[in-house]
1. Among the residues that make up the stretch 63-86, is at least one of them acidic (Asp, Glu) and in contact with a His (Cβ under 9 Å, 6 or more places away or on another chain)?
2. Identify, from the list Lys227, Lys183, the residue that is basic (Lys, Arg) and surrounded by fewer than 16 Cβ atoms within 10 Å (Cβ to Cβ).
3. I'd like to verify a number: residues in the stretch 194-210 that are touching a strand residue (DSSP E or B) at 6+ places or on another chain (Cβ under 9 Å) and more than 17 Å from Ile25 (Cβ to Cβ), how many?
4. Are any residues in the stretch 66-113 part of a loop (DSSP other than H, G, I, E, B), of a type in the set (Asp, Glu), within 18 Å of Ile45 (Cα to Cα) and over 15 Å from the mean Cα position of the chain (by Cα), and if so, which ones?
5. Look through Glu137, Glu116 and report the one residue that is in contact (Cβ under 8 Å) with a residue 12 or more places away in the chain, loosely packed, with under 14 Cβ neighbours inside 10 Å and outside any strand (DSSP E or B).
6. Filter the stretch 149-180 down to residues that are out of contact with any helix residue (DSSP H, G or I) (no Cβ under 9 Å at 6 or more places or on another chain) and buried (at least 21 other Cβ atoms within 10 Å of the Cβ), then give me how many there are.
7. Going by what's in this entry, would Asn122 be described as farther than 24 Å from Ile179 by Cβ and part of a loop (DSSP other than H, G, I, E, B)?
8. Show the residue pairs that are 6+ apart or on different chains and have beta-carbon atoms under 9 Å apart, the first residue being within the stretch 212-225 and without any contact (Cβ under 8 Å) to a residue 24 or more places away in the chain, the second being in a loop (DSSP other than H, G, I, E, B).
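Each reported figure results from applying straightforward, stated rules to the coordinates on display, with no laboratory input. Fair warning: this is a prediction, and the values are worked out from it, not measured in the lab. For neighbour counting, all protein chains shown are included, and Cβ atoms are generated from backbone atoms with ideal geometry for every residue, glycine included.
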Amino acid sequence: MKMITLIENQPGDREDLHTEHGLSIYLEVDGKNILFDTGQSGKFIENARDLNVDLKNLDYVIISHGHYDHGEGLQHLIREINPDIELYIGNGFFDKKYKLEKDGSYKYISNPFDEEFLKENNIPIRYVEEDILYLTENLFIFTNFNRDGEYENMGPKMYIKENDSYKKDMFFDEISIGIKTDKGLVIIVGCSHPGVVNILDTIIQNTGMDVYALIGGTHLVDEDEAKIDKVIEYLNDKDIDMVGACHCTGEKGLAMLEEQLGDRFFSNNTGSILEI
């Protein structure tokens, strides 16, 4: 597999590339070209050109969940590149998602497009319902994650609006990618809203495979040190050899991961390239 992070919150070695609060990762697996998440703007498209990634040849686009910083760039991809793709999203992707602000107001954080926009642009939509959806021999999509309260994210309050009322968003739409390699599974996560340990634990239970690497947003940004320590303890217990955290992990989470994991950790910034 080959992985290139097209956009993320921070610059890596390539300071000429755009950054933003968001995530978009390009993958090559089993002869297929995959885009996982699309950031919040079209800037990932410019970065792709500078990184010699041809988005016209995409086979699959997979969006981890229905927040703007992971999916809003899709409309730019469709309008500017118009690739012949299949789109994979989770059930509930188009729910009206909000964040409860400190002043008690609700901020709309869903994507600005709807299912009709995709139909008008002839984008086939595949809603992922299975625990494991096999795209190729070595490429999987996972969903239906267990919820262990000890490991659920306790960060900013996320809600879904139904009619005139708000209810807690359980992120049943969240999906993640698994890639089978000779070294074990490589798991790529968008924001890990159900809890990164819950995601990993569910995948390990359902596949019986060891996890070699964890890449992406771990949503430790608002967690306290005790919670982050528990997550790191889990990563150690499972002998996960590589952790490339980014996006919503937060400065404290990144610092603690680096300190405790040592050379098993890397900061997966914009322009990062990984081949396994």
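1. Among the residues of the stretch 63-86, at least one is acidic (Asp, Glu) and in contact with a His (Cβ under 9 Å, 6 or more places away or on another chain), which makes the answer yes.
2. Lys183
3. Qualifying residue count, the stretch 194-210: 8.
4. Asp84
5. Numbers: Glu116 fails: in contact (Cβ under 8 Å) with a residue 12 or more places away in the chain.
Of the residues listed, the single one that is in contact (Cβ under 8 Å) with a residue 12 or more places away in the chain, loosely packed, with under 14 Cβ neighbours inside 10 Å and outside any strand (DSSP E or B) is Glu137.
6. Final tally of qualifying residues: 6.
7. Criteria met by Asn122.
8. Cβ pairs passing all conditions: Asp224/Met154.
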